[in-house]
1. Need pairs with beta-carbon distance below 9 Å; first residue in contact (Cβ under 8 Å) with a residue 24 or more places away in the chain and part of a loop (DSSP other than H, G, I, E, B) and within segment 33-61, second of a type in the set (D, E, K, R) and buried (at least 19 other Cβ atoms within 10 Å of the Cβ); sequence gap 6+ or separate chains.
2. Which residues, counting only those in segment 1-56, are in contact with a Ser or Thr (Cβ under 7 Å, 6 or more places away or on another chain), among the charged types (D, E, K, R) and closer than 21 Å to Y99 by Cβ?
3. Name every residue in segment 12-27 that is surrounded by 18 or more Cβ atoms within 10 Å (Cβ to Cβ) and of a type outside the set (S, T, Y), in order of residue number.
4. When both residues are 6+ apart or on different chains and their Cβ atoms are under 7 Å apart, which pairs have a first residue that lies in segment 1-25 and is basic (K, R), and a second that is exposed (fewer than 11 other Cβ atoms within 10 Å of the Cβ)?
5. So which residues in segment 87-118 are among the aromatic types (F, W, Y) and either more than 16 Å from Q55 (Cα to Cα) or not in a helix (DSSP H, G or I) (or both), if there are any at all?
6. Just for segment 73-111: of the residues that are of a type in the set (S, T, Y) and surrounded by fewer than 16 Cβ atoms within 10 Å (Cβ to Cβ), which one is nearest to the chain's Cα centre (by Cα)?
Amino acid sequence: MRQRLSPAQRTVMACLYTRHHDGYVRQRHLEAIVGKAKTWVAPFVVQLLGEYVVQIILAIRHGLADVDVSGTAIRRAYGRFAAANPAFVGLTYQRAASYWNCYYRSLFVDRRSYPSFSILDSISAAGADHTRGTAQPLRITGLPYRVISLDS
């Protein structure tokens, strides 16, 4: 069935499988989407930063290396997402802090060295750049989040 799917359909499928109960399945599908500069892919990647599997977090760090590089498509896509969804990014920070405190505090003694925080800092900085450089994203009354086109 996978061969009959269009590239966009495969990306959607991989996004959905990042929520699978098996961490190996999540990581395999994450690796298929993490480098895609699509704003609608970002929430699936960012959500994994608030979870406990450090191998997945390291795969995200590898796949989002360009999020720190000004002007890259990845920085623009994740910046647009972060600017439109600051509460989600904040909640993800809180989740990452909870898992760091519970499972990784002895391994990453300095909280800033825990990979989720450095990636979330980069994404937040990209969001701040986006907010400075563009108009505010679209708001639709009654929705707790902003709507983003699948083309972005």
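Readers should treat all values here as calculations from the given coordinates under stated rules, not as data from a laboratory. The structure displayed is predicted, hence computed values, not measured ones. As a convention, Cβ positions derive from the backbone with ideal geometry for all residues, glycine included, and neighbour counts pool all protein chains shown.
1. Sorted first by the residue in segment 33-61, then by its partner, the pairs are A37/R75; A37/R76; T39/R76; T39/R80; E51/R26; V53/R26.
2. Passing the criteria: only R26.
3. If the condition is that a residue be surrounded by 18 or more Cβ atoms within 10 Å (Cβ to Cβ) and of a type outside the set (S, T, Y), then A14, C15, R26, Q27 are the ones that fit.
4. Sorted first by the residue in segment 1-25, then by its partner, the pairs are R10/R2.
5. Step one: filter segment 87-118 for residues among the aromatic types (F, W, Y), giving 88, 93, 99-100, 103-104, 108, 114, 117.
Of everything in segment 87-118, those that are among the aromatic types (F, W, Y) and either more than 16 Å from Q55 (Cα to Cα) or not in a helix (DSSP H, G or I) (or both) turn out to be F88, Y93, F108, Y114.
6. Step one: filter segment 73-111 for residues of a type in the set (S, T, Y), giving 78, 92-93, 98-99, 103-104, 106.
If we keep only those that are surrounded by fewer than 16 Cβ atoms within 10 Å (Cβ to Cβ) too, we end up with 98, 103, 106.
Working: S98: 18, Y103: 21, S106: 25 Å.
In this case the residue turns out to be S98.
Here is a yes/no grid of residues against (1) among the polar types (S, T, N, Q); (2) surrounded by fewer than 16 Cβ atoms within 10 Å (Cβ to Cβ); (3) over 13 Å from the mean Cα position of the chain (by Cα):
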| residue | (1), (2), (3) |
| --- | --- |
| H29 | no, no, yes |
| A42 | no, no, no |
| L120 | no, no, no |
| T131 | yes, no, yes |
